[in-house]
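Contents: one structure, followed by commentary.
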Amino acid sequence: MAALQSFFENLGNIVWGPFMLVLLVGTGVLLTVRLRGLQFTKLFYALKQAFGGAKNQHREPGDVSHFAALMTALSATIGTGNIAGVATAVVSGGPGAIFWMWVTAIFGMATKYAEGILAVRFRTTNSRGEMAGGPMYYIERGLNMKWLAILFALFAVFASFGIGSSVQSNSVAQSIHATFGTNTALTGVVLTILTAVVILGGIKSIARAASVIVPIMAIVYVLGGLLILVLNIESVWPAVKLIFTDAFSGQAVAGGALGTVIRFGVARGVFSNEAGMGSAPIAAAAAKTDHPGRQALVSMTGTFLDTIIVCSITGIVLVMGGLYAGAGNHTGAALTTLTFHQLLPGWGGYLVTFGLVFFAYSTILGWCYYGEKCAAYLLGDWAVIPYRVVYVVSVMLGTVVSLELVWAASDTFNGLMAIPNLIALLLLSGVVVKETNHFFSKINSGELPK
């Protein structure tokens with residue numbers, strides 16, 4: 001077991017090495033150039049599409065609304081990375097890592113847009129009349145590279161049992177035990193039942209749950225963070241200033257290692273918003289939409305909301321608290337909890353626990369949908385129900401077993417997912433540009449509603 005864990009840890013270090021980080025960000029930069037900075041010029045229009053919706057959307061082909069598809073994607077995206085991942089970035093890379101998280105998110109918005117447009121453009125209908133799409137479909141149908149599509153789907157299935165279920169349920173159980181002293185097995189039973197009730201109903205059930213859970217949990221967490229900023233307003237500007245200055249000096253890291261600041265900022269940014277990973281377009285493919293471009297804009301807002309909004313709240317509060325400098329044994333969610341408690345005595349720590357529990361639970365729901373779609377692609381639609389059963393079991397196991405091996409393996413498979421997806425995004429970037437031009441020409445001519 002130790003040897004297997006060591007194998008995945010070493011492989012993970014290779015997968016998540018400098019080449020991967022350059023590939024991830026580089027793809028975003030290329031798409032930004034080819035799309036002429038669309039994430040800047042169309043952001044407010046995209047937010048309107050996400051939260052306002054297009055006219056007569058219910059008549060369009062698809063399984064769920066734009067908003068529900070976005071919430072399903074965000075349910076899997078907004079998770080422990082927004083609390084634990086940001087803290088890890090600040091401890092290991094210094095305050096400047098937050099700046100590089102922002103940079104990653106800005107270019108990642110173009111990546112998410114491209115994923116969304118390809119997901120809808122190459123989606124198909126399965127034997128049950130549901131939409132099926134994502135990287136495995138645009139790799140096969142757009143590039144005619146089925147072997148690469150199979151690799152993506154295989155990696156995604158393995159990743160779903162780790163980063164999607166076991167790791168998340170373990171985080172919930174440990175957080176509740178630390179805060180309230182609740183037995184982890186009891187938490188596991190409750191969490192498993194709640195998961196089963198939702199995911200056995202399929203995408204519509206998952207989307208309904210996500211459409212309620214995600215907005216509530218995000219709003220509560222963000223409002224709590226904003227309250228901390230208001231109550232400690234004198235510390236906000238110094239913290240923001242430190243983030244920008246340290247981003248280019250690396251002084252907060254031992255030896256002034258600027259490369260370390262950039263590496264952790266980029267890596268944790270990608271871990272948080274999943275731009276380029278290939279997971280979110282699986283949810284985007286289910287959206288009811290009149291054009292791939294419209295859903296792509298909605299998908300793009302996910303990265304903005306996840307990193308620019310939620311992660312920024314966590315990051316600025318952590319820098320204001322200053323506990324990262326002498327974190328010692330405290331990192332991840334524990335450091336965020338301590339900092340929130342320090343700056344918002346009484347219930348700041350409970351706010352983080354609340355956020356972590358619901359962020360993790362929603363991630364469990366979202367990743368189940370990703371995993372089952374990949375399982376269906378590999379084995380056929382008959383595999384969906386068996387997959388859901390095994391997935392529910394993995395949720396329970398995650399609360400009662402040690403997860404060092406699972407963490408190492410799922411982190412590796414998560415990275416391996418990205419490689420086929422990024423290859424497809426680069427090779428199909430011309431399709432993305434063509435579909436984008438077609439969409440806005442239809443909007444400008446009045447053939448499609450604004």
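Some points to look at:
- Out of Gly380, Gly346, one residue alone is open to solvent by less than 50 Å² (accessible area, probe 1.4 Å) and not charged (D, E, K, R). It is Gly380.
Residue by residue, here is whether (1) closer than 30 Å to Met320 by Cβ; (2) touching a residue at least 24 places away in the same chain (Cβ under 8 Å); (3) in contact with a Gly (Cβ under 9 Å, 6 or more places away or on another chain); (4) not small (Gly, Ala, Ser) holds:
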residue: Leu186; (1), (2), (3), (4): no, no, no, yes
residue: Thr192; (1), (2), (3), (4): no, yes, no, yes
residue: Thr195; (1), (2), (3), (4): no, yes, no, yes
residue: Ile199; (1), (2), (3), (4): no, yes, no, yes
residue: Gly202; (1), (2), (3), (4): no, yes, no, no
residue: Met217; (1), (2), (3), (4): yes, yes, yes, yes
residue: Val220; (1), (2), (3), (4): yes, yes, yes, yes
residue: Leu231; (1), (2), (3), (4): yes, yes, no, yes
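- Scanning region 432-447 for residues that are more than 27 Å from the chain's Cα centre (by Cα) and in contact (Cβ under 8 Å) with a residue 60 or more places away in the chain yields His438, Phe440, Lys442.
- Helices (runs of 4 or more DSSP H) contained entirely in region 74-185, each with at least 2 residues that are within 30 Å of Phe248 (Cβ to Cβ), open to solvent by less than 10 Å² (accessible area, probe 1.4 Å) and not hydrophobic (A, V, I, L, M, F, W, C): 96-121
- Scanning region 199-236 for residues that are farther than 22 Å from Gly348 by Cβ, of a type outside the set (Lys, Arg) and surrounded by fewer than 21 Cβ atoms within 10 Å (Cβ to Cβ) yields a total of 6.
- Residue in region 353-375 that is open to solvent by 10 Å² or more (accessible area, probe 1.4 Å), farther than 20 Å from Ala185 by Cα and free of Cβ contacts under 8 Å to residues at least 12 places away in the same chain present: no
- Scanning region 420-450 for residues that are closer than 28 Å to Glu9 by Cβ and surrounded by fewer than 20 Cβ atoms within 10 Å (Cβ to Cβ) yields a single hit, Ile423.
Residue-by-condition table, conditions (1) open to solvent by less than 50 Å² (accessible area, probe 1.4 Å); (2) without any contact (Cβ under 8 Å) to a residue 12 or more places away in the chain; (3) in a helix (DSSP H, G or I); (4) touching a strand residue (DSSP E or B) at 6+ places or on another chain (Cβ under 8 Å):
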{"position": "Leu4", "(1), (2), (3), (4)": "no, no, yes, no"}
{"position": "Leu21", "(1), (2), (3), (4)": "yes, no, yes, no"}
{"position": "Leu31", "(1), (2), (3), (4)": "yes, no, yes, no"}
{"position": "Arg36", "(1), (2), (3), (4)": "no, yes, no, no"}
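- Residue match in region 139-159 (condition: in contact with a strand residue (DSSP E or B) (Cβ under 8 Å, 6 or more places away or on another chain) and over 26 Å from Leu38 (Cβ atoms)): no
Results for (1) under 18 Å from the mean Cα position of the chain (by Cα); (2) closer than 15 Å to Asp290 by Cα; (3) at pLDDT 75 or above, shown as yes or no for each residue.
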site	(1), (2), (3)
Arg34	no, no, yes
Leu38	no, no, yes
Leu43	no, no, yes
Ala54	no, yes, no
Gln57	no, yes, no
Glu60	no, yes, no
Ala68	yes, no, no
Thr72	yes, no, no
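The values are calculated or read from the model by the stated rules, or taken from the named source; none is laboratory data. A quick note: this is a predicted structure, and the numbers were derived from the prediction, not measured. A quick note on method: Cβ atoms are made from the backbone with ideal geometry, for glycine too, and the neighbour counts reach across all protein chains shown. Surface accessibility is based on the protein's heavy atoms, side chains included, excluding ligands, DNA and RNA. Shrake-Rupley method; radii C 1.70, N 1.55, O 1.52, S 1.80 Å.
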